[in-house]
Protein chains: 2
Amino acid sequence: MTSALPDGPPPAARGTRAGSDNARRLVLVATEAFSERGYHATTTRDIAAAAGMSPAALYVHFPSKVALLFAIARNGHEQALDLVRHAVASSTDPERRVRRIVLDFVAWHARQHRIARVVQYELHALPEPELGVVRDLRRRTEQLMRDVITEGVAAGRFQVPDVATAARAVLSLGIDVARWYTSQTRPSPDELGRQYADLVLRMLR
Amino acid sequence: MTSALPDGPPPAARGTRAGSDNARRLVLVATEAFSERGYHATTTRDIAAAAGMSPAALYVHFPSKVALLFAIARNGHEQALDLVRHAVASSTDPERRVRRIVLDFVAWHARQHRIARVVQYELHALPEPELGVVRDLRRRTEQLMRDVITEGVAAGRFQVPDVATAARAVLSLGIDVARWYTSQTRPSPDELGRQYADLVLRMLR
């Protein structure tokens, strides 16, 4: 396996490319370590060892531990934003949109609970401007959720006292799944998504 | 200020007494440090310094950093369980009970978001048997929530596809408040509690 160098990302994204096999492996191993022991308790040496690489080989891909955390956090937030975007694009009906968002958002947080834990609970370790990039992704996800609820209210399908609070509650339900879900948890990610989608729709109607 | 020794707690609770002023100050300072930087990134030396004490004076009250974390986690979980118990005792009507639980549980997680963050997100650092003590408190809180919903279903006031999932969703909404709530957040803890109680009751009916 060759250890390919990232091909010249812009300065703001330095060390955040996870294109090669080795870089992807480092991201996987770091996600597991950060989610189990926390970011601060994990050293780059631990991560390199778990990936079967030398610390020097790690630094070829990620110049720092923060760069690894940023790669995980940005990628996780991009995945969450993408699935909400796709859910919105899947229908023009407000209830179908909300059902799809909750189904996919909840199932993702259950299935990817390790990534989601790092993404949600280790953010405080990110410096600026990296934290700003992640905050912007969060804002866009929240805005999409608010827009969908606002349209449902305008169409007379939803009735909520406060759109911002309702949007926050819906996303919050999904995000918190990552805290308690494990690979032994029942119901399955998809079934949990369906049950939560039912609860959320009752909450908004 | 004298540094009073804890008066002989049982072995299982060693170092978890926070009775004296100094011990309470250490708990406050440790809560702030753990919630801001995470448990692993904080040293007992940091905590002692922030409390204006020597490391030796800290060890008089807490024999280890884990003992401090356990004191915070146990106390926080006891507070959460107590407020749910009081809410249940406040009425025999299922809807009033749920409203009171959500109001108080959400407001507590908003107001005490620092304590709640440590309580919720730093648990993985607790060893056994301390973790078992905390798990037992959580189980009792969840059981109360399930009982209240079950009674509401039996009385024909609630209608949920799955009581365990509904109970989890209700508590989850409250717990996740600690992740995003700050002292600058609006609405106020009590107003957020009211809004969430409305949403939850719609979810259960």
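The values are calculated or read from the model by the stated rules, or taken from the named source; none is laboratory data. If you're wondering where the values come from, they're calculated on a predicted model, not measured in any experiment. Neighbour counts run over all protein chains shown; Cβ positions are idealised from the backbone, glycine included.
Residues to consider are A:Ile115, A:Ile101, A:Ile149; find the one that is touching a helix residue (DSSP H, G or I) at 6+ places or on another chain (Cβ under 8 Å), over 26 Å from A:Arg205 (Cβ atoms) and in contact (Cβ under 8 Å) with a residue 12 or more places away in the chain. Spell out the reasoning first.
Details: A:Ile101 fails: over 26 Å from A:Arg205 (Cβ atoms); A:Ile149 fails: over 26 Å from A:Arg205 (Cβ atoms).
Unique residue meeting the criteria: A:Ile115.
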Matching residues, region A:177-195, being under 18 Å from the mean Cα position of the chain (by Cα) and at the interface with chain B (Cβ under 8 Å from one of its Cβ atoms): A:Val177, A:Arg179, A:Trp180, A:Leu192
Residue satisfying all of: in region B:119-137; away from chain A (no Cβ under 14 Å) and assigned to a loop (DSSP other than H, G, I, E, B); surrounded by the fewest Cβ atoms within 10 Å (Cβ to Cβ) among these: B:Glu128
Unique match (being surrounded by fewer than 20 Cβ atoms within 10 Å (Cβ to Cβ), closer than 20 Å to B:Asp190 by Cβ and of a type in the set (Ser, Thr, Tyr)) among B:Ser54, B:Ser64, B:Ser91: B:Ser91
Per-region count, region A:138-167, residues away from chain B (no Cβ under 12 Å) and either surrounded by 17 or more Cβ atoms within 10 Å (Cβ to Cβ) or of a type outside the set (A, V, I, L, M) (or both): 14
Any hit, region B:178-185, residues being of a type outside the set (A, V, I, L, M), free of Cβ contacts under 8 Å to residues at least 40 places away in the same chain and either farther than 21 Å from A:Tyr121 by Cβ or buried (at least 22 other Cβ atoms within 10 Å of the Cβ) (or both): no
B:Ile115 being in the same structural domain as B:Phe158 (by TED's automatic domain parsing), more than 17 Å from B:Gly174 (Cα to Cα) and crowded, with 21+ Cβ neighbours inside 10 Å: no
Number of the exception - A:Leu83 against (1) of a type in the set (A, V, I, L, M); (2) closer than 28 Å to A:Tyr196 by Cβ; (3) buried (at least 20 other Cβ atoms within 10 Å of the Cβ): (3)
